[in-house]
Amino acid sequence: MHKVKRAIIMAAGTGKRMRPVTFEIPKPLVSVNGVRMIDTIIHGLHANGIQEIYVVTGYLKEKFYCLEKEYPGIYLIDNPYYDICNNISSLYVAREYIGDAIILDGDQIICNDSVLSPYFERSGYNAAWTDAPTDEWLLTVENGIITHCSRTGGRYGWQLFSVSRWTAEDGKKLEYHLEMEFNEKQNRQIYWDDVAMFYYPGQYQLGIYEMHKGDIIEIDGLRELASLDAGYQKYIDNKDDGGICHDK
């Protein structure tokens with residue numbers, strides 16, 4: 001059994017699909033019913049004894065400075081590539097911390113702290129079983145090991161959520177592979193998850209951490225945000241009336 005020692009929260013993106021809300025505030029700092037999304041993550045990590053937390057910032061990075069004052073153990077890492085590269089750049093700049101780490105996206109809401117448990121058997125992702133069709137990444141798991149990942153979704157499979165844990169050994173491998181892809185191959189327009197899942201699958205035996213779909217809420221766009229917090233409905237109404245709001 002392995003134990004998480006630290007967390008990496010990916011929070012550098014521009015949140016285009018939640019504009020105009022994200023014109024002046026980065027997506028992880030958007031409040032949903034009075035609570036910022038990233039606060040639910042930090043509280044969940046703290047509830048599981050994970051105090052060493054690295055937040056990778058980029059877009060409106062100065063907005064995150066308050067976190068270092070509000071929470072002990074928070075460290076900000078600047079991603080200078082956030083606006084020209086995909087999110088492989090965010091894990092690249094935090095690569096030295098991957099070993100014994102849990103990696104999360106900052107734009108999700110943690111509803112059940114137990115899904116951030118520090119204990120895990122092997123490197124891998126949080127996942128929830130779904131019978132219904134989904135366009136999210138869908139995993140096939142055999143004997144506890146991920147054997148296939150569909151980028152276009154499907155049905156009857158394990159839906160991947162943006163929470164993953166990495167052993168010290170796999171963290172070293174992932175650090176090396178990130179450097180290979182980002183530096184040597186200049187492969188900068190991919191997701192960081194692609195590296196272990198698709199580029200070097202034979203060098204990892206990834207598993208899953210089982211959860212229920214309601215344990216984590218991932219907010220992809222403005223309409224999903226408004227469905228959870230009616231205070232944002234005005235932006236939808238403005239869009240429907242031909243206003244300047246563009247959900248993309």
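The values are calculated or read from the model by the stated rules, or taken from the named source; none is laboratory data. From a predicted model like this one, the values you see are computed outputs, not experimental measurements. All Cβ positions, even for glycine, are placed from backbone atoms using ideal geometry, and neighbour counts span all protein chains on display. Note: areas computed on protein heavy atoms with side chains; ligands, DNA, RNA excluded. Shrake-Rupley method; radii C 1.70, N 1.55, O 1.52, S 1.80 Å.
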The simple spin-label model distance between Glu169 and Val35, using points 7 Å out along Cα→Cβ, in nm, is 3.7
Ranked by GNM mean-square fluctuation in the chain (Cα springs under 10 Å), the top entry among Asp39, Asp229, Asp220 is Asp229
For Lys173, counting only aspartates and glutamates whose alpha-carbon sits under 18 Å away and dropping same-chain residues fewer than eight positions off, the answer is Glu96, Asp100, Glu121, Glu181, Glu184, Asp193, Asp194
The relative contact order of the chain, taking Cα pairs under 8 Å that sit 6 or more residues apart, comes to a percentage of 25
Listed residues Gly44, Gly153, Gly58; largest mean-square fluctuation, Gaussian network over the chain with Cα springs below 10 Å, found at Gly153
Computed from the beta carbon distance with a Förster radius of 30 Å, FRET efficiency for Asp113 and Tyr191 to the nearest 0.05 stands at 0.70
Note on the chain, DSSP bridge orientation, antiparallel percent to nearest 5 equals 55
Between Asp237 and Ala47, the FRET efficiency computed from the C-beta separation at R0 = 30 Å comes out, to the nearest 0.05, as 0.20
Result for region 1-119: accessible area per residue, probe 1.4 angstrom, in square angstrom, of 41
What helix-only [θ] at 222 nm does the chain give? Using -39500 (n - 2.57) per DSSP H run of at least 4, over all residues, to the nearest 500, the answer is -5500 deg cm²/dmol
Full extension between Glu121 and Lys16 adds, at 0.36 nm per residue less the Cα distance, a length in nm of 34.2 nm
Length gained, Thr152-Glu210, 0.36 nm per residue minus C-alpha separation, equals 18.8 nm
With a Förster distance of 22 angstrom and the Cβ-Cβ distance between Asp220 and Trp129, calculated FRET efficiency to the nearest 0.05 equals 0.60
With 0.36 nm assigned to each residue of separation and the Cα-Cα distance removed, Thr140 to Ser227 gains 28.3 nm
Among Lys69/Lys234; Lys27/Lys234; Lys5/Lys172; Lys16/Lys234; Lys16/Lys61, the pairs whose Cα-Cα distance exceeds 22 Å are Lys69/Lys234
Over all viewing directions the Cα convex hull of region 125-248 casts an average projected area in nm² of 10.1
